[in-house]
Amino acid sequence: AALNDGLRSQVSAALKEGRVTPTELCQRCLALIKSTKFLNAYITVVEESALKQAEESEERYKRGQPLGILDGIPIAVKDNFNTAGIETTCASNMLKGYISPYNATVVQKLLDQGAVLLGKTNLDEFAMGSGSTDGVFGPVRNPWSYSKQYKEKSVPKSHSEDEESNWVITGGSSGGSAAAVSSFTCFAALGSDTGGSTRNPAAHCGVVGLKPTYGLISRHGLIPLVNSMDVPGILTRCVDDAAVLLGSLAGHDPKDSTTIQDDFKPFELPNLTDVSKLSIGIPKEYHAPGLSSEILALWSKAADLFKNAGAKVVEVSLPHTRYSIVCYHVLCTAEVASNMARFDGLEYGHRSGMKDSTESMYAATRREGFNDVVRGRILSGNYFLLKQNYEKYFVKAQKVRRLIANDFVKVFRSGVDILLTPTTLSDAAPYTEFIQEDNRTRSAQDDILTQAANMAGLPAINVPTALSERGLPVGLQFIGRSFQEKQLLTVAKWFEKQVQFPMIQLEEVKRHDSDVFQHQKSASFS
């Protein structure tokens, strides 16, 4: 029962009252990780150290001195955050076997508050992708592929073939973290979000995915993809839990000069009853090509929900949105090319056996260590950064980025509080269908509704909204004003309560020796 409860309201209380112990919670989660191993959500599981942390937490509870709400709570971390003593691979041959000497700030903050780290989750190599299908450890499977809801709607071909070929992707690049939270193997997980990498898998896996304002949470120890857009993301089963995690992680970090200087005060989300003073903006440009009729209908229904509750719902325009995906591609690859230069086989990570010369060793190391996707982005980025192309592509993209950010500023100055948009163009695609197109094409399609918030540095959250006709989760995105996370999460919590997203019903998967889950409560813990 504890696996179904909210962090603030129930789990923390259950731990304090001794109705469940941190060790019992940890053991249950570790058992679930083993029984759902076929999902491939985790790259590394640290059972021994997790149980040790749980025992230490238990001692604190016995003394009546827990470190806070997160003490004893099992969590998972995406495998592009550095963790001292635990392998950090970025799902790449380049970093296989690499063990960091330090913890990322966000990981250290969680451990300092007593959270129990279960392991590192799977992703696209170096977080470049939107399906969690391109990592060296293989693709992540969406837990909803094995849910009663999906199985009842999907038409079986031949019984033996169906289970293996009919599974759907998690989205990416934080697919392992989203699958881990969705399948109850942890209470919360860290992802990273550069162009939608937390919100996209959250939408496909039916969980809450929060991308905070740029600079609110430290990036120190997050292996960089695009320094000017990367933010640590938060994945939980309900909005309240996302607020708990945010309160634990936000604030200034002397090791990251881009973090805010002011102290961050953690907040408890109020139960919003009156939305009449709210102004919800519906950006017309987000009615993008390829948006499924099902998601369009759901978006309209959500707007009507706010309108009928008394909120002001207005159509707004973000005119430069149509250039954003191209602009994002130029800036993303340029920064990737710069960031990936550090992987040269000299200081850490993979080193080729080629000994003809330093240059040949360097080239062979990168050829062996990076997959085609990473190499392709490095080549594109270096092309845009060539002296003859720099002004034409990189500088122009920076100017367009400013225009995109200004569009948001103008809309929020006009009196709009929150923007409501779709998170993805459709529900999760079957793996066999998803891999028909290359990573670059897929990423351009899947990031189209999410990357503008990264370029403007704004907070955004995916809230699971309904099940599609195929029985798969669909989410909607709320975008807020810079550093106004409390307002954003309060509105998201109100919406979450209205839609009552159904709980995943994970059935027995005999082929994979899985446990039976029959959870009847709502999808959030609380």
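The values are calculated or read from the model by the stated rules, or taken from the named source; none is laboratory data. For clarity, every value in this text was computed on a predicted model and none was experimentally measured. Quick reminder, even Gly has a Cβ in these numbers, built from the backbone with ideal geometry, and neighbours come from all protein chains shown. Protein only, heavy atoms only, side chains kept; ligands, DNA and RNA dropped before computing areas. Shrake-Rupley method; radii C 1.70, N 1.55, O 1.52, S 1.80 Å.
Give me the orientation-averaged projected area of the Cα convex hull of the stretch 86-232, in nm², one decimal.
9.5 nm²
What is the percent carbon and sulfur in the accessible area of the chain, measuring with a 1.4 Å probe over the protein chains and ignoring ligands?
Carbon with sulfur: 50 percent of the solvent-accessible area.
Based on alpha-carbon centroids, what's the gap between the stretch 26-48 and the stretch 193-234 in Å, whole number please?
Computed from Cα coordinates, the inter-centre distance equals 23 Å.
Taking the Cβ of Tyr61 as the center, what net charge do the other residues with Cβ under 13 Å away carry, scoring Lys and Arg +1 and Asp and Glu -1?
My count for the surroundings of Tyr61 gives -2.
For every other residue with a beta carbon closer than 10 angstrom to the beta carbon of Ala429, add +1 if it is Lys or Arg and -1 if Asp or Glu, then tell me the sum.
-3
Anything over 28 Å Cα to Cα? Flag those among Lys255/Lys277; Lys52/Lys96; Lys37/Lys355; Lys96/Lys399, in the order listed.
Beyond 28 Å: Lys255/Lys277; Lys37/Lys355; Lys96/Lys399.
Probe of 1.4 angstrom, ligands and nucleic acids ignored: what's the accessible area per residue over the chain, in square angstrom?
Each residue of the chain exposes 39 Å² on average to a 1.4 Å probe.
Of all DSSP beta bridges in the chain, what percent run antiparallel (nearest 5)?
Roughly 70 percent of the beta bridges in the chain run antiparallel, per DSSP.
Anything over 22 Å Cα to Cα? Flag those among Lys151/Lys493; Lys211/Lys486; Lys211/Lys307; Lys301/Lys493, in the order listed.
Long pairs (Cα-Cα over 22 Å): Lys151/Lys493; Lys211/Lys307.
With n ≥ 4 as the cut-off for DSSP H runs, can you work out [θ] at 222 nm for the chain, using -39500 (n - 2.57) per run divided by the number of residues, rounded to the nearest 500?
Per the formula, -11000 deg cm²/dmol.
Figure the gain on full extension for Asp112 and Arg342 (residue separation times 0.36 nm, minus the Cα-Cα span) and round it to one decimal in nm.
79.8 nm
Could you give the Stokes-Einstein D for the stretch 266-351 in µm² per second, using the C-alpha Kirkwood radius, 25 °C, 0.890 mPa s?
141 µm²/s
Looking at the stretch 346-449, which trypsin sites (Lys or Arg not before Pro) are in a loop (DSSP not H, G, I, E or B) and have at most 11 other Cβ atoms within 10 Å?
Here the trypsin sites (Lys or Arg not before Pro) that fit, given the DSSP loop and packing criteria, are Lys355, Lys387.
Modelled label-to-label distance, Phe267 and Ser317, 7 Å Cα→beta-carbon offset: nm?
3.2 nm
Only one of the values (i) 29.3; (ii) 28.0; (iii) 23.1 was calculated from this structure for Kirkwood radius over Cα pairs in Å; name its label.
(iii)
Between Asn406 and Lys96, what length in nm is gained on full extension when 0.36 nm per residue of separation is reduced by their alpha carbon distance?
This chain segment gains 107.4 nm when fully extended.
Under the 0.36 nm per residue contour assumption, what length would be gained going from the current alpha-carbon distance of His252 and Arg28 to full extension?
77.2 nm
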